[in-house]
Amino acid sequence: MIKKRCVICGKDIYIKNCHAKIGWGKYCSKKCQAKAQIKGKWLECDYCGKNIYRTPKDFKRSKSKKFFCSVSCHCSWENKNKRCGENAPNWITGQTTYRSLLKRYGKKEECAGCGITDRRILVVHHKDSNRKNNKPENLGWLCRNCHCLAHLK
């Protein structure tokens with residue numbers, strides 16, 4: 001029998017000569033052998049900060065290199081960082097979503113020119129006249145009459 005040290009914990013172990021020639025006998029127990037097989041990393045969830053373990057395969061598959069502890073953390077992160085306006089994955093200048101954008105940004109439905117609140121005659125006005133610039137500070141509510149006057153100036 002040959003005396004060796006466990007690769008993981010350093011404990012003295014005795015192994016047979018024939019096992020040493022094959023390359024066996026590196027670990028003192030199944031527990032140390034299992035520890036040696038772990039190749040991944042421990043990191044924090046990108047949303048809540050909880051410690052999570054990810055394998056090398058997870059790192060290869062990830063395009064964003066962001067990792068989450070659960071689906072709910074992933075969805076919460078996406079809703080907070082990506083899913084609104086220009087950050088949404090299917091955003092195409094927002095040309096047909098003016099009204100919903102103004103409602104989402106909390107703009108009161110009232111004409112900025114005369115104060116009318118009748119929703120049937122309110123339209124969205126682009127202050128810089130660029131229909132592709134749909135930032136909240138560039139959009140406003142105007143009635144049809146004020147909207148026409150704004151473009152005639």
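Derivation of every value follows stated rules applied to the coordinates shown; laboratory data play no part. Computed from a predicted model, the values in this text were never measured in an experiment. Note: ideal-geometry Cβ built from the backbone for every residue, glycine included; neighbour counts use all protein chains shown.
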Members of the stretch 45-83 found to be touching a Lys or Arg at 6+ places or on another chain (Cβ under 6 Å) and assigned to a loop (DSSP other than H, G, I, E, B), listed by number: Asp46, Phe67, Cys69
Taking only pairs six or more apart or across chains, which ones have beta-carbon atoms under 9 Å, a first residue in the stretch 8-27 that is assigned to a helix (DSSP H, G or I), and a second residue that is of a type in the set (D, E, K, R)? Ala20/Lys4
Just need a number here: residues in the stretch 122-153 that are farther than 18 Å from Ser100 by Cα and hydrophobic (A, V, I, L, M, F, W, C). 5
